[in-house]
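Structure first, then comments.
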Amino acid sequence: MSRKEKNSKKRAGLVVAFAALIVAVAAGACSMLPGGGKGGSIAISPTPVAIDSVPKSLESFRGKAVILNIWATWCPPCRIEIPDFIKLQNKYRDQGLEIVGVSIDPIDQRGGGASAVGPFMQQYGINYTVWTINNISALGQFPMGNGIPTTYVLDRNGRTVKTYVGFRSISVFENDIKQLL
């Protein structure tokens, strides 16, 4: 295959991927509204949603227990936790658990960036809400601690009941949320 043909195929693939991303973002933007736009449940976007304030955005999850995970695509311990968060979301969503990931990729460009988060979510099969932020002040009262992942466990009233810096096993989070559901 000639270089020209390879470049043409690459461009065509990029156009298709970009079109799919636009459709997903448009659908996701509507689904992230309080109530999710249908039936009173909050729909999960297949792509990250940019937000300006974590505390304000969390208001739509009042009445649910929340695991708020601050992470990045380039962070190995963060990647290790993701399959466990997927399992927890599947197991406890109907009982009132919401897992929310806040990617700091737009802030720290160590190989990530906001454009990397959507494909990463799809690659890992993330089934929970993921937000991106452009400014560290968007974290508000949920700072990163001394590293990532930093994870907050919130009760149904939005109060922080546990804070963890670094990797934790699924059993730690499961024990915490069982007390809140």
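When we screen 86, 70, 82 for residues that are in a strand (DSSP E or B), modelled with pLDDT of 95 or more and closer than 23 Å to residue 168 by Cβ, the only hit is 70. Residues in segment 74-110 that are crowded, with 18+ Cβ neighbours inside 10 Å and within 20 Å of residue 137 (Cα to Cα): 100, 101, 102, 103, 104, 105, 106, 107. Of all the numbered requirements in (1) surrounded by 12 or more Cβ atoms within 10 Å (Cβ to Cβ); (2) of a type outside the set (Lys, Arg); (3) more than 28 Å from residue 179 (Cβ to Cβ); (4) at pLDDT below 60, residue 42 misses one, and that requirement is (3).
One line per residue, one yes/no per condition, for (1) touching a Ser or Thr at 6+ places or on another chain (Cβ under 7 Å); (2) in a loop (DSSP other than H, G, I, E, B):
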site	(1), (2)
118	yes, no
158	no, yes
162	no, no
167	no, yes
172	no, no
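The values are calculated or read from the model by the stated rules, or taken from the named source; none is laboratory data. From a predicted model like this one, the values you see are computed outputs, not experimental measurements. Every residue, glycine among them, receives a Cβ derived from its backbone with ideal geometry; neighbour counts consider all protein chains shown.
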